[in-house]
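**Student:** Okay, here's the structure, questions in a sec.
The values are calculated or read from the model by the stated rules, or taken from the named source; none is laboratory data. Here the structure is a predicted model, which means the values were calculated and not measured. We place every Cβ from the backbone using ideal geometry, glycine too, and count neighbours over all the protein chains shown. These accessible areas exclude ligands, DNA and RNA; they are computed on the full protein's heavy atoms, side chains included. Shrake-Rupley method; radii C 1.70, N 1.55, O 1.52, S 1.80 Å.
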Amino acid sequence: MIQPSDSITKVKSKAYRLIKPHQIIEATIEHEVSDRQVVVEPSMGSICHADLRYYSGNRRPEALERKLPMALIHEGIGTIVASGAPELKPGQRVVVVPNIPGYLSDGIPPEQCCPACRTGSGENYCHRGRFLGSGMDGMAQNRLVMPAPCVIPVPDEVPDEIAVLAELCSVSYQALSPVADRLANARIAVFGDGPVGYLAAAVLRHVYGVGRDRLLVFGAIPEKLAQFDFATVSLVQDYDFSSGPSFDIAVECTGGRFSESAINQAIDILRPGGQLILMGVTEDRVPINTRDVLEKGITMRGSSRSSRADFHPVLAAMKNQDCQRTLGRLLPEKRTVIASAGDFDSAMKEAEAHRSWTKVMLDFRW
């Protein structure tokens, strides 16, 4: 165990780093380990669309120049190998929280960090925060050094492959938390039949308890919509948005080139005073129907990152077998073994070429 002290310990980590789009190398990086930090060996991760945007070069050139070289992956779990926190023991399975608020990385009180931390607006909005695989090395390395509060033990009832999905689920939980007091009676529409839409709908069902009769999911592909057996579904191309029922809350999970149509369709079906939650990521500006936003008094809120507090209710829900069955539909038939930089590069290439509905699960073999 790393003993609490004022001294700094150093640890070397083997990392698979992206140095430019489509080029990953093995590198050795050195981390400083101080009091109240833990060293984690990542054991399993999954590839996110954000990882693919870096890998394929679909980020703005100035962002790539500023952030690379960098180890990718922010969704995953690992095992503690050394700990400076008595509540966390070597050998424990943990979920890694990729969003690190500035006051934890700098070792200062929250009130000395930034306006968001001082006012309690949310750690996910910290002005000085850092995020794994986006500006700092992520989980594609064999020794990950984290502040102790940013690793959360995995309950014994939760299998590894389900726990890997905790970060994605926590993002949905965070996005929905501001309207939590309305969810008990609200009619909710989710736009998007991909993994983000699926997990948002799953969180609504299994964490917030929204029944099938009040949850409608819009998608474009029948085979994908067939997986949403816990919700009512509709093909977006067949739905009459001008005369259908009104909704209290809409969640946009499409992103990319479909954001424009999804956002405007959501505006169409929201009743006055409705809430529109934006979760889909796009690099382009999206034109929206501001006239109806104004006339209906619609509140729009964006969310793409979670904080530590959002993981606990998600992991608690994951103990439930029904929740595990729902989430299990996103799992591939087999995991992808990663034992070298070449393996990782091949996995990224495959994920880029075949953007499957199921997640790509990385089984790290260090």
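**Student:** So which residues in the stretch 76-90 are within 25 Å of the chain's Cα centre (by Cα) and not polar (S, T, N, Q)?
**Tutor:** GLY76, ILE77, GLY78, ILE80, VAL81, LEU88
**Student:** Also: Can you say whether GLU167 is in a helix (DSSP H, G or I) and open to solvent by less than 30 Å² (accessible area, probe 1.4 Å), as far as the supplied structure shows?
**Tutor:** So GLU167 fits the description; yes.
**Student:** When both residues are 6+ apart or on different chains and their Cβ atoms are under 9 Å apart, which pairs have a first residue that lies in the stretch 21-49 and is of a type in the set (Lys, Arg), and a second that is surrounded by 15 or more Cβ atoms within 10 Å (Cβ to Cβ)?
**Tutor:** ARG36/GLY84; ARG36/ALA85; ARG36/LEU104; ARG36/PRO147; ARG36/ALA148; ARG36/PRO149
**Student:** Looking at the stretch 286-316, which of its residues are of a type in the set (D, E, K, R) and within 25 Å of LEU199 (Cα to Cα)?
**Tutor:** Across the stretch 286-316, the qualifying residues are ARG301, ARG305, ARG308, ASP310.
**Student:** Residues that are within 27 Å of ILE162 (Cα to Cα): which strands (runs of 3 or more DSSP E) entirely in the stretch 229-344 hold 2 or more of them?
**Tutor:** Working: elements: 232-235, 247-252, 270-278, 299-302, 336-338.
Hits in the stretch 229-344: 232-235, 247-252, 270-278, 336-338.
**Student:** May I pose another question? Which of the residues that make up the stretch 16-63 are polar (S, T, N, Q), closer than 27 Å to GLY255 by Cα, in a strand (DSSP E or B) and open to solvent by 30 Å² or more (accessible area, probe 1.4 Å)?
**Tutor:** GLN23
**Student:** Here is a further query. Please go through (1) surrounded by fewer than 21 Cβ atoms within 10 Å (Cβ to Cβ); (2) on the phi > 0 side of the Ramachandran plot for GLY133 and return the number of the only condition it doesn't satisfy.
**Tutor:** If we test GLY133 against (1) surrounded by fewer than 21 Cβ atoms within 10 Å (Cβ to Cβ); (2) on the phi > 0 side of the Ramachandran plot, just (1) comes out false.
**Student:** Do you know which residues across the stretch 83-106 are touching a Lys or Arg at 6+ places or on another chain (Cβ under 9 Å) and either closer than 22 Å to ALA316 by Cβ or open to solvent by less than 60 Å² (accessible area, probe 1.4 Å) (or both)? Full working, then the answer.
**Tutor:** Going through the stretch 83-106, the residues touching a Lys or Arg at 6+ places or on another chain (Cβ under 9 Å) turn out to be 83-85, 97-106.
Across the stretch 83-106, the qualifying residues are SER83, GLY84, ALA85, VAL97, PRO98, ASN99, ILE100, PRO101, GLY102, TYR103, LEU104, SER105.
**Student:** Which one of TRP366, TRP357 is in contact with an Asp or Glu (Cβ under 9 Å, 6 or more places away or on another chain), more than 21 Å from PHE228 (Cα to Cα), outside any helix (DSSP H, G or I) and aromatic (Phe, Trp, Tyr)?
**Tutor:** Going through TRP366, TRP357 in turn, just one is in contact with an Asp or Glu (Cβ under 9 Å, 6 or more places away or on another chain), more than 21 Å from PHE228 (Cα to Cα), outside any helix (DSSP H, G or I) and aromatic (Phe, Trp, Tyr): TRP366.
**Student:** Hey, could you check the stretch 315-359 for residues that are of a type in the set (A, V, I, L, M) and touching a strand residue (DSSP E or B) at 6+ places or on another chain (Cβ under 6 Å) and say which is surrounded by the fewest Cβ atoms within 10 Å (Cβ to Cβ)?
**Tutor:** Residue satisfying both the conditions and the ranking: VAL337.
**Student:** Further question: Select, from VAL281, VAL217, the only residue that is modelled with pLDDT under 95 and crowded, with 16+ Cβ neighbours inside 10 Å.
**Tutor:** Working: VAL217 fails: modelled with pLDDT under 95.
VAL281 is the lone residue from the list that is modelled with pLDDT under 95 and crowded, with 16+ Cβ neighbours inside 10 Å.
**Student:** Related question: Restrict the check to the stretch 191-205 and report whether at least one residue is open to solvent by 50 Å² or more (accessible area, probe 1.4 Å), touching a residue at least 60 places away in the same chain (Cβ under 8 Å), more than 23 Å from VAL360 (Cα to Cα) and not acidic (Asp, Glu).
**Tutor:** yes
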